[in-house]
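Since the structure comes first, as structure tokens, the remarks are kept for the end.
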Amino acid sequence: QVHLVESGGGLVQAGGSLRLSCAASGIASAFTVEVMAWYRRAPGNQRELVASITSSGTTNYAESVKGRFTISRDNAKNTVYLQMNSPKPEDTADYYCNLALREYFSRNRNDYWGQGTQVTVSS
């Protein structure tokens, strides 16, 4: 069974830095990790994509975090990171790790989510 464990959330001052990690385990050999991503949900808002990275390293960022956040992954460890530099109070949210697996034979895609980690940015 696929399991995602997130870590690194907490309280950070605006202009500081914070790194989130998400380690995936339990991935069967019939599946490949296609995309790993971070989403967030602020109070009263819908969940939004923060950043994503494909197995080949192609990245995508929300406009609001471009130039400040960096997503990276360690394929050998099935771990994805989100380096948050110069965070702003509006980055305060619950951050969720997302893992998209592609089944080798059927080509079906399955998505998995972490439990979420809270990030609070103080001004």
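In order along the range 14-22, phi translates into HN-Hα couplings of 4, x, x, 8, 7, 10, 9, 10, 9 Hz, rounded to whole numbers, per the Karplus curve 6.51 cos²θ - 1.76 cosθ + 1.60 with θ = phi - 60° and x for Gly and Pro. For the range 1-45, a/c is not less than 1.5, where a ≥ b ≥ c are the root eigenvalues of the C-alpha gyration tensor, and a/b tops b/c. That puts it in the prolate class. Exposure check, 1.4 Å probe, all protein chains in place: MET84 carries approximately 0 Å² of accessible surface. The magnitude of the dipole of the chain, with charges of +1 and -1 set on the Cβ of Lys/Arg and Asp/Glu and taken from the Cα centre, is near 140 debye. For the range 70-123, take the alpha-carbon Rg, divide it by the Kirkwood Rh, and send me Rg/Rh. Taking Rg over the Kirkwood Rh, I get 1.10. Solvent exposure of the chain amounts to 54 Å² per residue of accessible area, where only protein heavy atoms count and the probe is 1.4 Å. Stretching the chain fully between LYS77 and ALA42 yields a gain of 9.7 nm (0.36 nm per residue, less the alpha carbon separation).
With contacts taken as Cα pairs under 8 Å and at least 6 residues apart, the chain reaches a relative contact order of 35 percent. Estimate the FRET efficiency between LEU49 and ASN85 by the formula 1/(1 + (r/R0)^6), using the beta-carbon distance for r and 22 Å for R0, to the nearest 0.05. The pair LEU49/ASN85 has a calculated efficiency of 0.75. Using the beta-carbon distance between ARG102 and SER17 and R0 = 25 Å, what value does 1/(1 + (r/R0)^6) give for FRET efficiency, to the nearest 0.05? The value I calculate is 0.15.
Between ALA37, ALA14, ALA51, the Gaussian network model of the chain with springs among Cα atoms under 10 angstrom shows the greatest mean-square fluctuation at ALA14.
The values are calculated or read from the model by the stated rules, or taken from the named source; none is laboratory data. Computed from a prediction, not measured in an experiment: that's the story for all the values here. For neighbour counting, all protein chains shown are included, and Cβ atoms are generated from backbone atoms with ideal geometry for every residue, glycine included. Heads up: the accessible areas ignore ligands, DNA and RNA and are worked out on the full protein's heavy atoms, side chains in. Shrake-Rupley method; radii C 1.70, N 1.55, O 1.52, S 1.80 Å.
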